[in-house]
Amino acid sequence: MLLSPSSPSSYFLADIAVTLTLFGYYGSCQFEIRNVYESFNGYSFYSSPLDFLFIAFLRVLFYATSYQLNATEKSSLVAWLDKPTTSFFVASISFSFLKCLLFSEEKALLGCNGTFILPAWNILSAAYFYRMWSREFEACFEKAKKEEDDDDKEDLDIPITKIQQIMILAKYSYGNWPWMLVGMGVSLGTTAVNVAMPHYTSLVMNGITALREGVDINHSIEILAALTFASMILTGLNSGIFNYLSSVTVSKMRKDLFDSIINQEIAFFDKYKSGVIVSRITSDVNNVSYRISDMFTDSLKNFLTMFGKVMFMAGLSWRLTLINFIAFPIMIYISQLSGEFYEKMGSEENDVSANSHQVAEEIISTIRTVRSFGAEKRSSKRFSEAVDRASGVAKKEALASIVLHFSWDLYHNSLYVIVLMYGAKLVSEGSMDAAALVTFMMYQMEIGQGVVGLTYEIPSFMGTLGQSRKFCQFLTRKPEIETNGTVEQPVERFYDPDEGEITLDGVPVREFDHEHYHKKIALVAQEPVLYDCSVRENIGFGCDATEEEIIEAAKTANAHDFVTGLEKGYETTCGEKGTQMSGGQKQRIAIARALVRNPSILMLDEATSALDNQSEQIIQEAMQRCAGTRTVIVIAHRLTTIEKADRIAVIEKGRVVQLGSHSELLKDVGGLYHTLARAKDTIE
């Protein structure tokens, strides 16, 4: 079977049957069977309706071919037919308007309403066919799209549809709705003024040619001047309102994205590099925010402007107006194709930009290593290559822009000339007066620009979708938990175990509130991070500690003496990532930062591994002082760091192989702990 026995078969049979039936109305105001037979006698492109029957059969052919290819599991070929089928649909619409114009040239057909029912049916049938075809083979398109995007791991890991993207962007566009309503009101006012201006401009121009006949044009000039002044005021207000909305939007988007990212699980930050994340928060948000505040309102304004002007134009000459409808679907389709390209380029542009940010951030943050190895030239070359990739994307967009603007200019200028030539013909035939043609051409000049503006919104909108994809993906991403890392990470709930549970006082850590849990537990990492602020602010980070509590915590951590010895004491700036402090000083400040919270559990992860003996001794004294009133979990490879612990868990290849005190573990001569202790000469 060429077609499935379901609704498509019924539709195509009905399509052909209705088309043949409408032949009976051709050239008549009522159905006559002889009109059907006469339609097959002789063919003229200018007056024959047979083209519509041919188009109906083409619809059957397109669908049948796609159905057979899909049935034989050749979905890639069905996906390839997407563009030809869409082109056929667009051509069908334009052809229907063209036939209406050609039929209007035949006086015998012009007075019969039945003549124009056939083109109208062809438009409706083409629209239904395209919708049905798209829905039937949607899976083929999605499969082809997925294969095309297989290299884009971020998209596949964080899936999001275009509809979801549009809803998210619309939320931000209309989030500040009072100002948005004011802006839309101003836009509508601007639209009304712009629709009226060509009419009064033509009245003034026509009046000038008739001044000798005593025609008074002062009233028209006064109205035109008032409209011009109103247009300037409204345009200025419109620009100011939407610039303000854009600034509000970028702040809101940036805050929401940061809140979403900061609440992701630690595995998220293991996967996505910091430079990429920062680029999403800064560059991506900037690129998107410039468009979304006026993206929807511009489209509405352009549409209403065109609608109003088309109504004026149709009142002057419906034939000349019809010429615009012939070319308009084709221009929209070209814009859609360019929009798909801009969507892809927008996403690629953000990716290469994020990569260059990551390279720059990585090089600058490790500048001491770069300098120590004399790798400046190599690092510069690496960054240049990342920037060149971004330039390559920009070149592609520039070439596409040339082609697109050429198409727009060709459309606008060609249509203007064609309308003028056909209008001159109508004037010469007496179907239209010269004054009406002048007025029409004024509208034609502006509507051509309006069509270009509206069609520009399509690639601009698609480009915005491409640029906003990563923003929307990161914004809507739900935190996940994965198993990874060392002992302190699951205790801190950086990750959750795949099997079993971690409990505190018999309560699974999953059941604790996040903020409450992390007020009761504190971590000092192997490489503690200090922020570029004062010692006081670093110790009090994340809690509302008093001056006395900060000083007491510093004393307990053996940090108070060296801090007071600094030039500015507790107001001394630590530098970015604590670069102004030594390793031992950073560790002691980090311990003080953990202690000021008065945690029930204190975890020290290799806190002395990178320190000299003197610094290690100071840190160990601080650790002993901390252990009196709380549980202390110490992760270490140095046995001297943990030999005074109440219980020692020896972990080998991710499993606990021994458990006991220092003295108990030394008695197990064949155990791993005894082997390590003997190797380090720690047995007395």
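The values are calculated or read from the model by the stated rules, or taken from the named source; none is laboratory data. The structure displayed is predicted, hence computed values, not measured ones. Reconstructed Cβ throughout: ideal geometry from the backbone, glycine too, with neighbour counts over all protein chains shown.
Annotations for the structure displayed:
- Set ARG593, ARG647: member being crowded, with 19+ Cβ neighbours inside 10 Å and either modelled with pLDDT of 75 or more or assigned by TED's automatic domain parsing to the domain that holds VAL535 (or both): ARG593
- Complete set of residues in the stretch 506-543 that are farther than 25 Å from GLN624 by Cβ and either surrounded by 14 or more Cβ atoms within 10 Å (Cβ to Cβ) or modelled with pLDDT of 80 or more (or both): VAL509, PHE512, TYR517, TYR531, ASP532, CYS533, SER534, ARG536, GLU537
- Count - residues of the stretch 627-663 that are more than 19 Å from ALA679 (Cβ to Cβ) and among the charged types (D, E, K, R): 5
- Residue-level analysis places GLU616 among those that are over 43 Å from the mean Cα position of the chain (by Cα) and at pLDDT below 80.
- Within the set THR201, THR228, THR235, THR249, the sole residue that is of a type in the set (S, T, N, Q), touching a helix residue (DSSP H, G or I) at 6+ places or on another chain (Cβ under 8 Å) and at pLDDT 85 or above turns out to be THR228.
- Residue in the stretch 309-331 that is modelled with pLDDT under 85, of a type in the set (D, E, K, R) and more than 17 Å from the chain's Cα centre (by Cα) present: yes
- Checking GLN264 against (1) under 30 Å from HIS518 (Cα atoms); (2) in a helix (DSSP H, G or I), the condition it does not meet: (2)
- THR503 passes every criterion in (1) within 24 Å of SER600 (Cα to Cα); (2) modelled with pLDDT of 85 or more; (3) more than 39 Å from the chain's Cα centre (by Cα) apart from (2).
- Checked against the criterion of being in contact (Cβ under 8 Å) with a residue 60 or more places away in the chain, closer than 30 Å to SER468 by Cβ and among the β-branched types (Val, Ile, Thr), the candidates VAL359, VAL352 yield just one match: VAL359.
- Scope the stretch 430-486; condition of a type outside the set (Gly, Ala, Ser), farther than 30 Å from PHE312 by Cβ and modelled with pLDDT under 75; matching residues: MET462, THR464, LEU465, GLN467, PRO479, GLU480, ILE481, GLU482, THR483, ASN484, THR486
- Being assigned to a helix (DSSP H, G or I) and at pLDDT 85 or above is a description that does not apply to ILE402.
- For beta carbons closer than 7 Å, sequence separation of 6+ or different chains, a first residue in the stretch 236-252 that is closer than 14 Å to SER173 by Cβ and a second that is among the basic types (Lys, Arg) and buried (at least 16 other Cβ atoms within 10 Å of the Cβ), there are no qualifying pairs.
A quick yes/no check of all residues on (1) at pLDDT below 80; (2) in contact with a helix residue (DSSP H, G or I) (Cβ under 8 Å, 6 or more places away or on another chain):
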residue: SER335; (1), (2): yes, yes
residue: GLY339; (1), (2): yes, yes
residue: LYS344; (1), (2): yes, yes
residue: ALA360; (1), (2): no, yes
residue: ARG378; (1), (2): no, no
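- Test result for ALA386, in the same structural domain as VAL438 (by TED's automatic domain parsing) and more than 30 Å from ILE123 (Cβ to Cβ): yes
- Filter pass, VAL78 being in a helix (DSSP H, G or I), of a type in the set (A, V, I, L, M), at pLDDT 80 or above and surrounded by 17 or more Cβ atoms within 10 Å (Cβ to Cβ): no
- Checklist (1) more than 14 Å from ILE241 (Cα to Cα); (2) modelled with pLDDT of 80 or more; (3) not hydroxyl-bearing (Ser, Thr, Tyr) applied to VAL186, failing item: (1)
- Across the stretch 254-295, the qualifying residues are those that are among the hydrophobic types (A, V, I, L, M, F, W, C) and over 28 Å from ILE363 (Cβ atoms), and the one among them that is modelled with the highest pLDDT is ILE292.
- Of LYS377, LYS344, all but one fail to be more than 21 Å from PHE471 (Cα to Cα) and part of a helix (DSSP H, G or I); the exception is LYS377.
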